[in-house]
1. Once you place label points 7 Å from the Cα toward the Cβ at B:ARG279 and B:LYS295, how far apart are they in nm?
2. Please give the helix B:261-280 orientation as an angle from the longest Cα principal axis of chain B, in degrees from 0 to 90, rounded to the nearest 10.
3. Using a simple spin-label model with points 7 Å from Cα along the Cα→Cβ vector, what separation in nm is obtained for B:ARG174 and B:ARG73?
4. First check a/c for chain A, with a ≥ b ≥ c the square roots of the eigenvalues of its C-alpha gyration tensor; if it is under 1.5, answer rounded, and if not, answer prolate when a/b is larger than b/c or oblate otherwise.
5. If only Cα atoms are counted, what is the Rg of region B:278-402, and what is its Dmax, in Å?
6. At what distance in nm do the modelled label points of A:THR55 and B:LYS412 sit from each other, each positioned 7 Å from its Cα along Cα→Cβ?
7. Using packing as a proxy for protection, rank B:317-329, A:211-223 so that the peptide with the highest average count of other Cβ atoms within 10 Å comes first.
8. If you average the alpha carbon positions of region B:169-233 and of region A:285-354, how far apart do those two centres end up, in angstrom?
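None of the figures in this text is laboratory data; all of them are computed from the coordinates on show. Predicted model only: the values in this text are computed from it and were never measured. Glycine gets a Cβ as well: all are built from the backbone with ideal geometry, and neighbour counts include every protein chain shown.
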Amino acid sequence: MPKIGALLLLLGVGLLRAEEAPAAAPPPADDWVDKREKTFATVWETVNESYYDATFGGVDWLAVREKYHGDLAAVADNDGLRRLLQRMLGELRRTHFAIMPREAAVFTPGERVRIGTTGVEVAYVENVVAIAGIKAGSAAAHLDLHPGDTIRRIDDRDIGVMGDYLKQAGCSPARCGLYLTQFISSRLRSAVGTKVTLTVRGLDGAERSVELTCEANEGPWSEPMGDFPSMPVECTVRHLPDRIDYLHFNIFARPIMKEVKSTLKSVPVDGALVIDLRGNPGGISIMASGISGWLSDHVFSMGTMHMRQGHIGYTVSPQTSAFLGPVAVLIDSGSASTSEIMAAGLQESGRARIFGEASPGAALPSQMKTLPTGDLLQYAVADVQTPKGVLIEGRGVTPDQAVKPSLADLAAGRDPVLDAAQQWLEAVRRHPAPSPTGQPRNQK
Amino acid sequence: MTLGMKWSRSGARVRLLVVALLALGLSPRVLSVETPVAAPPVDAAADEQAQIRDIVNRWLDALGGDWRIERLRFADYHSVISFGPGLPAIDTYVRATADGAYRYDYELPKFGRLTQAFDGQNAWQQNAELGFGLLSPAEHAQNLGGVDFRAPIKVGAYFPVRKLLPDATINGRRLRVIELTDRQGGQTKWFFDPTTGLRVHIEANIGPDVATVDFSDFRRVQGIQEPFHTVRHFGQQVVDVKMLSVLYNEPADPVLFALPAAWIDDTNEVQRVLNNYLRLSGAANLDRVQTRFTKGVLENAATGLKTATVTYQKRPNLFLNKQEAPGIGQTMQGFDGKTGWAWSELEGYRTMAGAELQQMIGGADLAGPLRLQAVCPLRKLLEETQDGDRRLVGIALATFQGPAGNFYFDTKTFYLVRAETFVQAGPSGQLKIVADFSDFRDVDGIMLPFVTTITNPAMRIVERVESVQQNVPLDDAVFVPRKE
């Protein structure tokens with residue numbers, strides 16, 4: 001069955017998504033009771049059949065069903081059902097188990113108004129969520145918002161309180177950063193026309209509130225893949241001094257592949273490359289090995305996803321005209337899932353040096369399924385281990401060179417992580433480590 | 001050895017191992033009085049044959065004499081076969097009688113003892129875990145040749161044509177060389193050490209390659225010289241056989257060679273099911289199929305992802321599958337007769353190797369069902385089960401590498417309706433799956449499933465065939481690897 005084999009490779013979508021339900025969910029239909037029951041059953045059974053670990057990591061999944069099914073009769077609407085199902089999935093204590101509101105998902109061009117943009121980019125810095133950048137030309141560019149501002153509240157949600165809750169729940173700093181930045185980002189990507197109020201504190205200590213309006217995402221979007229929705233896609237390529245090329249993309253999706261290939265092919269043979277995975281929540285997981293094929297002249301493994309009955313390797317196959325010079329990869333607490341698989345694989349194989357802050361350890365290949373209510377269930381079907389057998393989920397990737405930006409760096413427009421990577425790339429080209437063959441790799 | 005042959009999956013290697021086995025037991029003897037089939041009536045030819053007789057007779061004397069060989073009734077060999085670095089060595093016990101009964105016991109590293117035996121009527125094989133089966137005539141012939149310890153007194157019949165070749169030097173030793181031609185026209189060169197008279201080297205052309213066997217560490221056992229170390233080379237493969245012990249004329253219990261009575265019924269039933277499957281599914285008509293073009297849709301029911309798929313196949317095993325999925329783009333997999341390859345927008349180009357390549361080649365084989373029994377020589381009959389309104393009879397099929405899976409046949413139609421097996425997923429992946437075949441339709445006299453459902457805990461993939469065309473012209477260029 002060779003043709004089936006090809007499709008099997010595409011089963012893992014390593015993307016961490018956090019979507020909040022729009023304010024006005026549709027009212028329950030007449031068949032609500034039946035739909036509620038079927039949705040509950042679908043979620044529980046899907047996990048029961050496909051969870052990658054037959055022991056459920058020690059969780060008594062049958063007992064979990066009884067516990068939450070007992071509360072099901074009291075659930076009066078879809079919002080309540082989402083909360084109940086999310087709590088049930090939360091018992092697994094694993095990432096990539098979520099209920100996505102259908103109203104927030106985009107499957108057609110007409111639905112793209114459901115995901116807007118404010119132009120505000122956020123990052124987890126000094127244990128707070130701060131504005132990392134504001135896109136030129138966006139509505140936010142003209143408002144009293146500045147990189148380095150700490151986000152205190154978004155609408156009625158107190159970010160400090162949320163952070164405290166996460167810390168009390170035992171989340172690592174990287175996980176806190178991931179959850180908080182994803183939460184705020186999802187609000188900042190509300191439907192077009194939605195007004196969002198940000199309360200920020202500047203470096204001077206003064207607080208102010210600013211109202212933003214979500215605008216349309218005019219850039220390219222990924223295509224939906226079955227039940228996996230469409231998303232805005234961004235890819236940035238910059239040519240830095242000293243023949244260093246910089247590549248950043250916001251998600252591992254098909255539309256970025258062309259730009260990535262083109263960039264990797266065009267890096268000068270004696271040049272260097274920075275791949276910035278900061279804030280990248282993942283995407284199609286095989287793209288981690290696919291992109292890495294353009295960075296290698298030999299076959300190597302980036303890791304293996306282990307399922308309940310089988311495993312699939314992330315095998316890197318070298319591509320013609322691959323770039324073989326030095327590579328730096330930038331990560332932070334927003335680098336999740338496929339980003340972590342790629343960073344870990346390149347790090348362990350020695351192909352790249354990793355800079356920045358620890359990633360959150362949220363790397364479970366997952367799938368999406370439409371539920372009877374129309375909402376989407378994201379569920380993990382595999383665990384990922386590096387070639388040395390290290391589980392990425394719950395551990396994350398530790399940079400080879402830890403670099404922590406400060407709020408002052410953001411305010412001043414400095415990027416110490418990128419600076420460190422550039423310094424290393426310059427140094428390593430001046431004093432290359434001897435290769436086993438005695439030939440510089442980039443001369444082949 | 002037959003076992004090594006199957007592992008190699010190469011007809012060429014088969015012949016090498018047959019040649020080699022002639023050395024594991026005893027060495028064939030050319031009787032001094034045999035007349036060549038086509039001897040030229042000139043003195044030179046007579047002189048050549050006289051020289052050959054001298055070489056062979058000297059060799060026979062060095063072995064211990066034909067009278068000793070003629071007295072042999074039973075033989076027991078214990079050896080260790082190594083297939084190269086990183087591969088487990090296999091302990092092998094062989095028992096044989098002068099009447100032609102034999103029993104090979106191989107200790108497989110993972111699955112324990114594999115027995116291949118012949119009791120004078122049935123040539124059979126069995127492994128407790130993998131199952132049992134009858135040996136094919138070719139396998140049996142190879143096994144028989146390997147334990148023909150009286151071969152030296154039959155060699156005249158084996159090699160009717162013999163030719164003296166110029167001396168050759170191997171590893172600094174000058175060796176006498178004769179070329180032997182068997183009744184099928186196969187040629188072998190034997191190299192003799194003029195100092196000892198012993199045969200120390202064999203060469204045979206197998207396809208474009210040369211197979212060689214080297215004998216050393218000769219020791220006398222009950223008056224007969226045996227090579228205790230044999231090394232066979234063929235291509236990249238090196239098989240090293242170290243003899244641990246040889247014992248002659250220790251009577252063997254006939255029970256050792258007999259097909260266990262308990263298996264006879266199951267063997268017959270398995271054969272009946274497989275024969276019916278081939279007959280009723282129209283598999284025999286596969287011989288008339290030269291090409292096949294299939295269009296369909298693959299749907300991953302767990303994700304809602306639908307993929308358009310087209311497959312081109314051409315005998316013997318050229319293959320190309322193209323898929324186009326939204327959000328993923330195009331992916332292709334193919335085999336052009338030499339290279340198994342894959343290309344996708346997201347992963348680029350790569351070639352296949354190992355188990356993935358074997359799966360590709362096996363899946364590409366248009367006449368695959370006809371070769372099912374040859375590919376999976378070990379079988380087990382499973383209990384009949386009720387599946388909805390039909391009854392299924394199951395057969396567990398296995399190769400010597402391990403189980404190939406459980407295959408279930410409808411007891412009314414004898415169509416293959418379910419397979420529980422493993423599939424290679426990429427260069428280093430393997431998934432346990434259940435494949436259900438349904439919606440059988442007659443295509444040129446062959447019953448093909450138009451719906452295949454693949455199930456694994458992580459997914460459920462349904463392939464629906466939309467159209468099948470057979471014997472349409474397909475250029476070989478269709479299967480050439482795409483790198484961009």
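1. 3.8
2. 50
3. Taking the simple label geometry, B:ARG174 and B:ARG73 are separated by 4.6 nm.
4. oblate
5. Cα radius of gyration and Dmax of region B:278-402 are 17.4, 46 Å respectively.
6. Placing both labels 7 Å beyond Cα along the Cβ direction yields 4.6 nm.
7. Going by the mean number of other Cβ atoms within 10 Å, highest first, we get B:317-329, A:211-223.
8. 51
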